[in-house]
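A quick write-up on the structure given underneath.
Please treat every number below as a calculation from the coordinates, not as lab data. A quick note: this is a predicted structure, and the numbers were derived from the prediction, not measured. Every residue, glycine among them, receives a Cβ derived from its backbone with ideal geometry; neighbour counts consider all protein chains shown.
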Amino acid sequence: MDAMLLHRIHFAFTVVYHYLFPQLTMGLALLIVVLKTIAIRRQDERYNQAARFWGKIFAINFLLGVVTGIPMEFQFGTNWSQFARTTGGVIGQPLAMEGVFSFFLESAFLGLFLFGEKRLSPWKHWGAAFLVFVGSWISGFFIIVTNAWMQHPVAYQILPNGVYEVTSFWRLLTNPWALLQYAHNMSGAVVTGAFVMCSLGAFYVLENRFAEHGQIFLRIGVVAGVIASVAQIFPTGDLHGRYMAKHQPAAVAGMEGLFRSQKGAPIVLIGQPDEEHQTIDNPIAVNDVLSFLIYGTTQAEVKGLNEFPRDQWPEPLPLLFYSYHIMAGLGTYFALIMIVAAFLLWRGKLFQNRWVLWALMLSFPFPYIANTAGWLTAELGRQPWVVYGLIRTSAGYSKYVGPGNSLFTLLGFMGLYTVTSILFIVLVYRIIDKGPAVGPLAQASQMVAPA
Amino acid sequence: MGFIWFWIVAVMLVAYVVLDGFDLGVGILHPFLARSEQERQLMLRSIGPVWDGNEVWLLAGGGTLYFAFPLLYASAFSGFYLALMIVLWLLIMRGASVELRMQIDMRVWKAFFDGVFFFSSAVLAIFYGAALANVIRGVPLQADGYFFLSLWTNFRVGPQPGILDWYTVLGGVVAFVALAEHGALYVAVKTEADLQARARTFAKRLWAALFVVTLLSLPGSMIARPDTMTNYKAYPIAFAVPIVVLLALFGMLLFSRKGDDRKAFTCSCVYLTVMLVGAAIGLYPRLLPATTGSQYDITVAKALSGPHTLHVGLIWWGFGMCLAVVYFIVVYRMFRGKVSLDGGYGH
């Protein structure tokens, strides 16, 4: 098997699996702070119960996020050593900062949040929840800074020994790409958190168990969901897309399946790219829309793949095309369903509307799919570069780690993650089945330790 | 600048070994020390709120190594590929076992995770020791700065060694015994009555083993890597290291006999620190020596990042460490004293 392809799949598999957990914990951390705030301000114990309940779900997700995250930091060295060696001086920095500024903070205060409620005052306990939220969002920021530099390298110089060096640390942190990507990514995480909360709320209401708490979950989830789902499209998605069209035109052409430059470029809603004949099979397209979305006028010319040498096309092209379309399609669905749900909530009819409750309940996998597809879009769009325009992916992987070894460890990760997935599902099912503990602060949690 | 960053990375790794070391030790001893479900819970609670914070030192240290010495990070991590991947799997299994054990009140479930917890802790300790021994012995670095080691070849130290040879296995045994001892002393500090008495007995027995393997490791290093003594000969003050190692060793034994577990545990922390510092002194200014000729050594100068990176790094690192120390004080203060079975944080 091809060594580079295996290294790519290795990283892709482990990072996609990893990010199933942080996208929920980052979103949920914010929602838990909201629950805690309402509990204190309204003196409503039910919101504390809700926060405790989500704390348990948070803890398991956080644990899996931590343990599957450790391999990520080391895989730059193990599987992508040539890339790590030349760019460590730039992107090693935000990665180390994540450890120093975020992980220490989270590890200290998550324990206080999960197990310290009895001995902390309400506001101090709120503070612990808030610091966990801050820690997880700082963590996200440093990862985005790292990725953004690979997407859009800024503030660097090449030293005589061929190694990259930061010229301005501040410009590295304020890379415009990073700020746009961060906004888009974090609102995506809130979408996941909100949909999961809504889904469980809808389940409890439909099942008529813990219905009172289910209504709280729905209320918070729908409000957060409608804000985040809309923000996901406008302004964050819109701005990010335009910036990308300017700086990674080949990626945008690939995402949209636009083989030839044209004025009044159409948007293809569904279709199958045919690289050989450079066409889209079975297209359902709307004329002029792509030009309008990127440049704000229907007559602007959008660059097609024909403008770029074949060896600079993103690849695999069809996967990029599908990833982007799945992300954008689901993103549109999120905004629509959440607007409907928010309207019903406002009119006081949401809890009786079984159709919308069913839709919300069944929708929880979609944000995971959309966030994954979004990241695939970013990472495949950047190809064939590992650092856009500077280092080719083919020049980045560990030459001394043969395909036999990387396949061995890829299979190992697959096996291990199958086991963790089964454990995760069993444990989360049990938490959901048990439901939020009613009554005042119950006996100390059964768990021995914070994640 | 290279000197500073060499010691910054060293300090972070020492912090990792001393802190995560005791919870690894608890994992190793857990099946032998605890006789009942209650005692098993007590042992787990003694590390519950702190183990993951301890493990962050590995991540923060790894990240720091990455940006301060990218060449070392890239070369070592890809060269030790299989061993590192196994370490990652063990870390995943271990983290999961600590946290998931108590989620379901079922004998088989708990016994399963007890087994995973012991296995992963024990093998991790051995691998860490072997890793350090690999760095001391050196690896077959090529002209391009890379190498690749199989897990084992013929178990001899030569120009083409495996990750495991007699010397690195010895390193693994030293680490295993040292961390088990470290864990036993920690358990004695954090518990009472029977469990505490048993921890002290174990510490005493392990001590004899630790004494023997520590003494063996010194000639072992000199055979495996004859030039480890260069810095010691140049700076005789470095011979304070073996002296302090011996003092710390005897301190562990004496204080543990007297029942002063805190001091015995402190001696164990000193022992681990000085052992690692001793290794670092032997290495400097090399980061990863070559078995293929000293011209291929990865040195501080060869691997160091650019000046701006390191200047900026120094500023945020200092600030970040102050914060980290504050968090650690908060957590360890909340968690001071003996562990008990009621309440989340033991008092």
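Brief remarks on what is shown
- B:GLN38-A:ALA437 FRET efficiency (beta carbon distance; Förster radius 25 Å; 0.05 resolution): 0.55
- The P(r) of chain A has a tail past 31 Å containing 45 percent of all C-alpha pairs.
- Once the convex hull of all Cα atoms in the stretch B:2-334 is built, its volume per residue stands at 133 Å³.
- Placing +1 on the Cβ of every Lys and Arg and -1 on the Cβ of every Asp and Glu, with no other charges, gives the protein assembly as shown a dipole of roughly 1920 debye about its Cα centre.
- Normalised by the number of residues in the stretch B:2-334, the mean separation of alpha-carbon contacts (under 8 Å, six or more apart) gives a relative contact order of 23 percent.
- Calculated FRET value between A:SER261 and A:TRP355, using beta carbons and R₀ = 60 Å, to 0.05: 0.85
- Treating each Cα of the stretch B:34-95 as an identical point scatterer and summing with the Debye formula, the log10 of I(q)/I(0) at q = 0.28 Å⁻¹ comes to -1.16.
- In this calculation the C-beta distance from A:PHE308 to A:ARG392 is compared with R0 = 22 Å, giving a FRET efficiency of 0.95.
- Value at 222 nm in deg cm²/dmol, rounded to 500, when DSSP H runs of n ≥ 4 in the protein assembly as shown each add -39,500 (n - 2.57): -24000 deg cm²/dmol
- Ordered from longest to shortest, the equivalent ellipsoid semi-axes for the stretch A:75-132 are 37, 10, 6 Å, each the square root of 5 times a Cα gyration tensor eigenvalue.
- Gain upon complete extension [B:ASP105, B:VAL212; 0.36 nm per residue less C-alpha separation]: 34.3 nm
- In Å, descending, principal axis extents of the Cα set of the stretch A:26-112: 56, 20, 19
- Shielding by partners, peptide A:157-168 (average Cβ within 10 angstrom, other chains): 3
- Size of charge dipole - the stretch B:178-238 - debye, nearest 20, with Cβ of Lys, Arg +1 and Asp, Glu -1, no other charges: 60 debye
- Geometric extent, Cα atoms of the stretch A:177-291 - Rg, Dmax (angstrom): 19.3, 58
- Centre-to-centre separation between the Cα atoms of the stretch A:332-359 and those of the stretch A:368-389: 32 Å.
- Dipole magnitude of chain A about its Cα centre (Cβ charges: Lys, Arg +1; Asp, Glu -1), debye to nearest 20: 1340 debye
- Listed cross-link partners B:LYS110/B:LYS338; A:LYS56/A:LYS124; B:LYS204/B:LYS233 are compared with a 31 Å cut-off, the Cα-Cα value being larger for B:LYS204/B:LYS233.
- B:PHE3-B:PHE250 pseudo-label distance in nm [points 7 Å out on the Cα-to-Cβ vector]: 3.3 nm
- Helical segments meeting 24 Å axial Cα length and Kyte-Doolittle -0.5 threshold in chain B (DSSP H): B:2-33, B:51-68, B:81-100, B:107-137, B:166-190, B:193-224, B:240-258, B:261-283, B:307-334
- Here the label points at A:TRP170 and B:LYS204, each 7 Å from Cα along the C-beta direction, are separated by 6.4 nm in the simple model.
- Peptide B:138-151 has a mean shielding of 2, counted as Cβ atoms of other protein chains within 10 Å of each residue's Cβ.
- Over all other residues within a Cβ to Cβ distance under 12 Å of B:ARG257, the charged ones net out to +2, with Lys and Arg as +1 and Asp and Glu as -1.
- Anisotropy class of the protein assembly as shown from Cα gyration tensor, a/c 1.5 cut: oblate
- Sequence-distant lysines (8 or more away, or on other chains) whose Cα lies within less than 29 Å of A:LYS349: A:LYS36, A:LYS434
- Membrane-span-like helices of chain A, defined as complete DSSP H segments with a Cα extent of 27 Å or more along the helix axis and a mean Kyte hydropathy of at least -1.0, are identified as A:22-42, A:45-78, A:122-151, A:176-207, A:211-231, A:317-346, A:403-434.
- Selection among A:GLN93, A:THR377, A:TRP126 by position relative to the dipole of chain A gives A:TRP126 as farthest towards the positive end (Cβ unit charges, Cα centre).
- In straight-distance terms, cross-link reach from B:LYS302 covers every one of the aspartates and glutamates whose alpha-carbon lies under 20 Å from its own, apart from those fewer than eight places away in the same chain; here that gives A:GLU165, B:ASP144, B:ASP227.
- Computing Rg and the Kirkwood Rh from the Cα coordinates of the stretch A:206-255 gives a ratio, Rg/Rh, of 1.36.
- Counting Lys and Arg as +1 and Asp and Glu as -1 over every other residue whose Cβ lies under 12 Å from the Cβ of A:GLY135, the net charge comes to -2.
- Across the stretch A:238-395, Cα-Cα pairs more than 21 Å apart make up 52 percent of the total.
- Simple spin-label estimate for A:THR279 and B:ILE237 gives 8.1 nm between the two label positions (7 Å along the Cα-to-Cβ direction from each Cα).
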